[in-house]
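*Asks:* Here it is, the structure in full.
The values are calculated or read from the model by the stated rules, or taken from the named source; none is laboratory data. The model shown is predicted, which means the values in this text are computed figures rather than measured ones. Ideal geometry is used to build each Cβ from the backbone, glycine not excepted, and the neighbour counts take in all protein chains shown.
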Amino acid sequence: METMHRRPIPSTGELLPVIGCGTWQAFDVRDAAPLVPVVESLFAGCGSLIDSSPMYGKAEGVVGDVLGRMDALERAFVATKVWTSGRDAGVAQMERSLALLGRVDLMQVHNLLDWRTHFATLRRWKEEGRVRYLGVTHYTPTAHDSLEAAMRAEPMDFVQLDYALDDRAAERRLLPLAADRGIAVIVNRPFGGGGLARRVRGRKVPDFAAELGCETWPQLLLKFILGHPAVTCAIPATANPAHMADNARAGAGSLPDEAMRARIAAAFGS
């Protein structure tokens with residue numbers, strides 16, 4: 001397999017593989033064992049980022065269990081979130097996340113909930129080395145104004161946002177702003193919450209996809225996202241190791257320029 005592309009985190013220059021794994025719904029299970037092959041597929045494809053949240057039920061504990069079973073914590077770039085209001089509640093929740101996961105590289109404020117309060121804690125934790133990076137997240141275009149305000153108000157390492165072939169609002173202000181302010185971008189919902197996959201089910205992949213090394217529509221849809229230079233990493237969520245392997249392959253080979261991205265959009269019909 002070709003090596004996955006890696007892009008620099010602007011605040012440090014650390015290189016991050018461009019495809020990771022989301023855990024929403026997919027990792028909210030009682031038994032972690034069936035998810036070991038998913039993380040094995042991520043690592044085999046040269047990915048590293050695994051993103052979770054206390055909002056995702058049992059997912060944080062499952063991620064920690066999987067990485068422990070594999071003795072692979074040091075191979076992962078572990079991202080999670082704080083999703084509560086108030087300083088003390090935030091500290092307690094983040095302490096629990098650290099205990100469940102074993103280590104947190106990136107702590108994000110989930111859906112901007114009380115983000116200023118949590119940033120005060122996270123700046124201190126970052127200085128103390130308890131987390132390496134901090135950021136904010138949201139998942140819908142209706143929150144883009146609030147995301148933009150936060151990105152302008154405070155220094156941060158990462159922003160996580162929605163971006164897909166059928167959800168391109170982030171191109172207007174947020175992606176250019178992230179590039180201008182040196183903020184890494186994690187893309188959630190890269191398949192439009194699953195709607196894109198349903199729309200292309202049964203459709204032949206266009207012939208030009210071979211120019212990018214793509215064999216499937218999911219690979220082509222991820223290539224479209226990765227073709228934007230402000231995107232650092234995309235994190236499709238899956239509990240299926242074959243899907244994880246397929247997604248990881250999108251991170252290797254040629255990435256599309258703007259002309260090719262336009263061809264992908266036209267082929268999809270957007």
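*Asks:* Among all residue pairs at least 6 apart or on different chains, which show Cβ distances below 8 Å where the first residue, located in the range 74-90, is free of Cβ contacts under 8 Å to residues at least 40 places away in the same chain and the second is basic (Lys, Arg) and surrounded by 12 or more Cβ atoms within 10 Å (Cβ to Cβ)?
*Replies:* Here the result reads VAL78/ARG103, each pair linking the range 74-90 to a residue that is basic (Lys, Arg) and surrounded by 12 or more Cβ atoms within 10 Å (Cβ to Cβ).
*Asks:* Being out of contact with any Pro (no Cβ under 6 Å at 6 or more places or on another chain), of a type in the set (A, V, I, L, M, F, W, C) and in a helix (DSSP H, G or I) is the requirement here; does ALA239 meet it?
*Replies:* no
*Asks:* Name the residue, out of ALA184, ALA259, ALA170, ALA197, that is touching a residue at least 60 places away in the same chain (Cβ under 8 Å) and either among the aliphatic types (A, V, I, L, M) or touching a Pro at 6+ places or on another chain (Cβ under 6 Å) (or both).
*Replies:* ALA184
*Asks:* Against the definition (without any contact (Cβ under 8 Å) to a residue 40 or more places away in the chain and touching an Asp or Glu at 6+ places or on another chain (Cβ under 7 Å)), how does GLY202 come out, yes or no?
*Replies:* No: the conditions fail for GLY202.
*Asks:* I'd like the full set of residues that are of a type in the set (D, E, K, R), closer than 22 Å to THR232 by Cβ and free of Cβ contacts under 8 Å to residues at least 60 places away in the same chain, limited to the range 5-59.
*Replies:* ARG6, GLU14
*Asks:* Is it the case that GLU215 is in a helix (DSSP H, G or I), of a type in the set (Asp, Glu), farther than 27 Å from VAL136 by Cβ and over 14 Å from the mean Cα position of the chain (by Cα)?
*Replies:* Against the criterion (in a helix (DSSP H, G or I), of a type in the set (Asp, Glu), farther than 27 Å from VAL136 by Cβ and over 14 Å from the mean Cα position of the chain (by Cα)), GLU215 does not qualify.
*Asks:* Report yes if some residue within the range 127-139 is surrounded by fewer than 17 Cβ atoms within 10 Å (Cβ to Cβ), at pLDDT 95 or above and within 26 Å of HIS243 (Cβ to Cβ); otherwise report no.
*Replies:* Looking for residues that are surrounded by fewer than 17 Cβ atoms within 10 Å (Cβ to Cβ), at pLDDT 95 or above and within 26 Å of HIS243 (Cβ to Cβ), one finds at least one in the range 127-139, hence yes.
*Asks:* Can I ask one more? Just one of (1) among the small types (Gly, Ala, Ser); (2) assigned to a loop (DSSP other than H, G, I, E, B); (3) under 25 Å from GLU40 (Cβ atoms) trips up ALA245, so point out which.
*Replies:* (2)
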